[in-house]
Amino acid sequence: MHPAWSVVFFTVLSGTGYGFMALFALTDVFALGGPVGQQELLAAVAIAAVLITVGLMSSAGHLANPRNAWRSFARFRTSWLSREAVLAVLFYPVALFYVGPYFLLGLEHNAVTVFFAGLTAVLALATVAATGMIYACVRAIREWSQGLTPVNYLLIGLGLGAAVLAAVRGFFGADPAPAAAMGVGLLGGAAVTKTAWYLWNRRPGSSSKSTALGLSSGPVRLVDGGHTAGNFLTWEFQYPLPEGRAQFYRGVALVVTFALPIAALSAVALGAGVLWAYVAAAVAVLGALIERWLVFAEARHTVRLYYHEARL
């Protein structure tokens, strides 16, 4: 697949924002690392809102006609894209009900704010899961059509959110160690599932020109491509990424997205300065951009069978 940067930024930024807000709401309710002050709450909400909103807005850059974006809400019962859109919109008022009483009424935690904090976390996670399911249900792309796809989206989003949370907690004088420990666990789990995802995709596929045409006997070979120049299918569903270069990028993604941030967050969890939390957050987001770009660049649509691929 041609890796559109608008979608790469959308999935990484919004996933980070939702993961951060989900973990922050739980941190606020349970006072992990100390109570959350009003300034920290305001900063956290602003950071999450910017990440989520910029991510959602960047997703419109991949639409042929962005004015038709409203149609994504029309198929909630059957479309994961529609579910994602509805959940993303519902998140805003629910999050406002969570933080509003602090700013408008000066209230402390009560049953209502705790309920909306939990609902905010649930909606954030559900939105990221719906994003992952958009790609997992695309049967024409073998690399995506598996259960690890939404799991990776969730764990990476939460891991990035935990890294940002550790940085925010430390910046406002709270103890960043609990958030850093969560980040180590979440990014560690994401590294395991991502490695499993890479290994699963190395298995030989079962799709061929024969299966694409529904023929059960005899090999099928392409005699004439039917065109003398590139077209939409070759531009959008094919990307020239040699296997050697792909392997290099996979290694870079695993190191930058997981290994380096885990090392930095481990230092924070053991009492190192908050500077390492800033480093972990910045490096993890950069690595996630590489990882997500590779998700699209490595995706091989079955339409390639009608051009030059022998098997997918």
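The values are calculated or read from the model by the stated rules, or taken from the named source; none is laboratory data. Note that the structure is a prediction, hence the values are computed from the model and not measured. Heads up, the Cβs are rebuilt from the backbone with ideal geometry, glycines too, and the neighbour counts pull from every protein chain shown.
Output the number of the condition that Trp235 fails; it satisfies all remaining conditions of (1) in a helix (DSSP H, G or I); (2) surrounded by 14 or more Cβ atoms within 10 Å (Cβ to Cβ).
Against the list (1) in a helix (DSSP H, G or I); (2) surrounded by 14 or more Cβ atoms within 10 Å (Cβ to Cβ), Trp235 comes up short only on (2).
State whether one or more residues within the stretch 143-152 are under 14 Å from the mean Cα position of the chain (by Cα), among the acidic types (Asp, Glu) and surrounded by 19 or more Cβ atoms within 10 Å (Cβ to Cβ).
No; the residues of the stretch 143-152 include none that is under 14 Å from the mean Cα position of the chain (by Cα), among the acidic types (Asp, Glu) and surrounded by 19 or more Cβ atoms within 10 Å (Cβ to Cβ).
Kindly indicate the residue of the stretch 285-312 that is more than 13 Å from the chain's Cα centre (by Cα) and among the basic types (Lys, Arg) and also nearest to Arg142 (Cα to Cα) among those meeting that condition.
Arg300
So which of Leu155, Leu96 ends up being part of a helix (DSSP H, G or I), more than 22 Å from the chain's Cα centre (by Cα) and aliphatic (A, V, I, L, M)?
Among Leu155, Leu96, only Leu96 is part of a helix (DSSP H, G or I), more than 22 Å from the chain's Cα centre (by Cα) and aliphatic (A, V, I, L, M).
Being closer than 23 Å to Leu187 by Cα and without any contact (Cβ under 8 Å) to a residue 12 or more places away in the chain is the requirement here; does Ala48 meet it?
Answer is no for this residue.
Mind checking whether some residue in the stretch 40-56 is among the polar types (S, T, N, Q), surrounded by 14 or more Cβ atoms within 10 Å (Cβ to Cβ) and closer than 28 Å to Ala288 by Cβ?
yes
Matching residues to (1) without any contact (Cβ under 8 Å) to a residue 40 or more places away in the chain; (2) outside any helix (DSSP H, G or I); (3) over 20 Å from the mean Cα position of the chain (by Cα); (4) surrounded by 16 or more Cβ atoms within 10 Å (Cβ to Cβ):
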{"residue": "Trp197", "(1), (2), (3), (4)": "no, no, no, yes"}
{"residue": "Ser216", "(1), (2), (3), (4)": "yes, yes, yes, no"}
{"residue": "Val220", "(1), (2), (3), (4)": "yes, yes, yes, no"}
{"residue": "Asp224", "(1), (2), (3), (4)": "yes, yes, yes, no"}
{"residue": "Pro240", "(1), (2), (3), (4)": "yes, yes, yes, no"}
{"residue": "Phe258", "(1), (2), (3), (4)": "no, no, no, yes"}
{"residue": "Ser266", "(1), (2), (3), (4)": "no, no, yes, yes"}
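What residue, among those in the stretch 135-154 that are aliphatic (A, V, I, L, M) and modelled with pLDDT of 95 or more, is nearest to Leu87 (Cα to Cα)?
It comes out as Leu154.
Considering only the stretch 9-32, state which residues are out of contact with any Leu (no Cβ under 9 Å at 6 or more places or on another chain) and assigned to a loop (DSSP other than H, G, I, E, B).
Scanning the stretch 9-32 gives a single hit, Ala31.
For the list (1) under 29 Å from Leu294 (Cα atoms); (2) β-branched (Val, Ile, Thr); (3) surrounded by 13 or more Cβ atoms within 10 Å (Cβ to Cβ), I need the number of the one condition that Val36 fails.
With (1) under 29 Å from Leu294 (Cα atoms); (2) β-branched (Val, Ile, Thr); (3) surrounded by 13 or more Cβ atoms within 10 Å (Cβ to Cβ) applied to Val36, the lone miss is (1).
Go through (1) exposed (fewer than 15 other Cβ atoms within 10 Å of the Cβ); (2) more than 25 Å from Phe9 (Cβ to Cβ); (3) within 23 Å of the chain's Cα centre (by Cα) for Leu26 and report which single condition fails.
Of the numbered conditions (1) exposed (fewer than 15 other Cβ atoms within 10 Å of the Cβ); (2) more than 25 Å from Phe9 (Cβ to Cβ); (3) within 23 Å of the chain's Cα centre (by Cα), the odd one out for Leu26 is (1).
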